[in-house]
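**Student:** Structure below; questions to follow.
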Amino acid sequence: MKPSALFLLCCGELVWAGSHSLWYFGTLQTGQAQFPEFVVVGMVDDVQVEYYDSDIGKMISRRHWRPDAEVEEADNKVFAAKDHHFVMRDKLQILMSHLNHTGGHPTFQVIAGCELDDDGSARFMSREGYDGRDAMNYNTKSYSYTLLIPGVVMDKAGLQVNKLMTDTFYQPLCVRILKSYLQQERTRLMRRVKPRVRVFQKTSALSGGTEVTCLATGFYPRALELTLLRDGRPVPEQELTGGEVLPNGDGTYQLRKSLALSEEEEERRGRHRYTCRVQHSGLDNRLEVDWEPEPDLDTGLIAGVVIGVLIVVLVLPVAACVLWRKKGRGAQSPACRSSDVKYTEAQGQEQSETSSNSSGQ
């Protein structure tokens, strides 16, 4: 199954700072497969809350922190899911015919939902994709659909019905559901957790060169702006790697951006000042953290320390043995036990030779 380009957009990029969102991701797949033909996943601020598929035929709660939670307006949600299933199946057939696609497992996907700002203003969006390509967008300003695959002709009457359903049913339903979730899960979805930020240098696992990395982690909600500065000026995004918001295992998020240093920059990195600038709703003010390069270690000092350690390791046992023997307790010392055996054997051999020489005389 190939994901549409629209699904490569991370949900956080669709959300303004200070807003909350409810998105439904629907996927229709044709042909024989191990999965249901049609699946819908509902998410509030990137937290999965609902699930539907064409096999079970009902919307179920996915709020793991509330295992007994009921799905509100379940009938309306099931009606919306079945309506999308029917409409998407028709669109999929039209696109397959237009593009001469037969066989395989072509997919049709949709992301539809709404955003609600803290001031109460709301927005609705709907995008559709076919087999890895953006296919259609719904423009909420002109209340019209935009076809993105050249030459495709959709039934105008069907599009008008879709537009009417979107304006009068889906948008109000989406905003109503989102407000309900925000009210129910206020402590979970409305919380603010400020990020922990650090700037560090590391060796790239791919190139083997040096990278300066800016990391913000442990923050919630997901929306965060991170900028890497060099001598007070933003580093162009095309020079950076990373930049994708990723989930942590504890319900918070992380974001990092890295800059690969050229050989010239590597030699002069001490002259540049790298700063990580972060803006987040959990912070009272903009946060800036500077990178402080670790001082280079003195190789002469390292060599001296190593030699000193070797001297201690080699000399200390010998000195201990000498002290034990002077006190007449050499046989009791484990460190000297092997040398004592050799010494005793040699001494016994010398005495034997002395005795034999005496008797021979």
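The values are calculated or read from the model by the stated rules, or taken from the named source; none is laboratory data. Here the structure is a predicted model, which means the values were calculated and not measured. Neighbour counts are summed over all protein chains in view; Cβ atoms, including those assigned to glycine, are modelled from backbone coordinates with ideal geometry. Note: accessible area is taken over every heavy atom of the protein model, side chains too, but ligands, DNA and RNA are not part of it. Shrake-Rupley method; radii C 1.70, N 1.55, O 1.52, S 1.80 Å.
Conditions tested, residue by residue: (1) within 24 Å of E50 (Cβ to Cβ); (2) in contact with a Leu (Cβ under 7 Å, 6 or more places away or on another chain).
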| site | (1), (2) |
| --- | --- |
| V71 | yes, no |
| D75 | yes, no |
| V78 | yes, no |
| A81 | yes, no |
| R89 | yes, yes |
| N100 | no, no |
| G113 | yes, yes |
| A122 | yes, yes |
| D131 | no, no |
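**Student:** From the list T217, T140, T187, which one is touching a strand residue (DSSP E or B) at 6+ places or on another chain (Cβ under 6 Å) and more than 30 Å from L261 (Cβ to Cβ)?
**Tutor:** T140
**Student:** Here's a check for you: in the range 30-63, which residue that is within 18 Å of P106 (Cα to Cα) and aliphatic (A, V, I, L, M) is modelled with the lowest pLDDT?
**Tutor:** Among residues in the range 30-63 that are within 18 Å of P106 (Cα to Cα) and aliphatic (A, V, I, L, M), the one modelled with the lowest pLDDT is A33.
**Student:** Name every residue in the range 243-278 that is open to solvent by less than 80 Å² (accessible area, probe 1.4 Å), within 20 Å of R192 (Cα to Cα) and modelled with pLDDT of 95 or more, in order of residue number.
**Tutor:** Answer for the range 243-278, where residues must be open to solvent by less than 80 Å² (accessible area, probe 1.4 Å), within 20 Å of R192 (Cα to Cα) and modelled with pLDDT of 95 or more: Q254, L255, R277, V278.
**Student:** A follow-up question, please. Which residues, taken from the range 188-239, are open to solvent by 60 Å² or more (accessible area, probe 1.4 Å) and in a strand (DSSP E or B)?
**Tutor:** Across the range 188-239, the qualifying residues are R196, R198, Q201, K202, T203, E225, R233, P234.
**Student:** Check whether at least one residue in the range 100-109 is crowded, with 20+ Cβ neighbours inside 10 Å, over 17 Å from E128 (Cβ atoms) and out of contact with any Lys or Arg (no Cβ under 8 Å at 6 or more places or on another chain), and report yes or no.
**Tutor:** no
**Student:** Out of all the residues in the range 53-68, which are of a type in the set (K, R) and crowded, with 18+ Cβ neighbours inside 10 Å?
**Tutor:** Answer for the range 53-68, where residues must be of a type in the set (K, R) and crowded, with 18+ Cβ neighbours inside 10 Å: just R63.
**Student:** Now for a separate question. Would you confirm whether any residue within the range 37-52 is open to solvent by 50 Å² or more (accessible area, probe 1.4 Å), assigned to a loop (DSSP other than H, G, I, E, B) and out of contact with any strand residue (DSSP E or B) (no Cβ under 7 Å at 6 or more places or on another chain)?
**Tutor:** No, the range 37-52 contains no residue that is open to solvent by 50 Å² or more (accessible area, probe 1.4 Å), assigned to a loop (DSSP other than H, G, I, E, B) and out of contact with any strand residue (DSSP E or B) (no Cβ under 7 Å at 6 or more places or on another chain).
**Student:** For the range 125-164, which residues satisfy the criterion of being among the aliphatic types (A, V, I, L, M), more than 32 Å from the chain's Cα centre (by Cα) and open to solvent by less than 50 Å² (accessible area, probe 1.4 Å)?
**Tutor:** Once the filter is applied, which keeps residues that are among the aliphatic types (A, V, I, L, M), more than 32 Å from the chain's Cα centre (by Cα) and open to solvent by less than 50 Å² (accessible area, probe 1.4 Å), the range 125-164 yields I149, V152, M154, L159.
**Student:** When the residues of the range 1-29 are filtered to those that are over 30 Å from D250 (Cβ atoms) and crowded, with 20+ Cβ neighbours inside 10 Å, which remaining residue is modelled with the highest pLDDT?
**Tutor:** If we take residues in the range 1-29 being over 30 Å from D250 (Cβ atoms) and crowded, with 20+ Cβ neighbours inside 10 Å, then L28 is modelled with the highest pLDDT.
**Student:** Given V153, V199, V193, V175, which one is over 25 Å from V78 (Cβ atoms) and touching a Cys at 6+ places or on another chain (Cβ under 6 Å)?
**Tutor:** V199
**Student:** Among the residues of the range 75-98, which ones are open to solvent by 70 Å² or more (accessible area, probe 1.4 Å) and basic (K, R)?
**Tutor:** K82, R89
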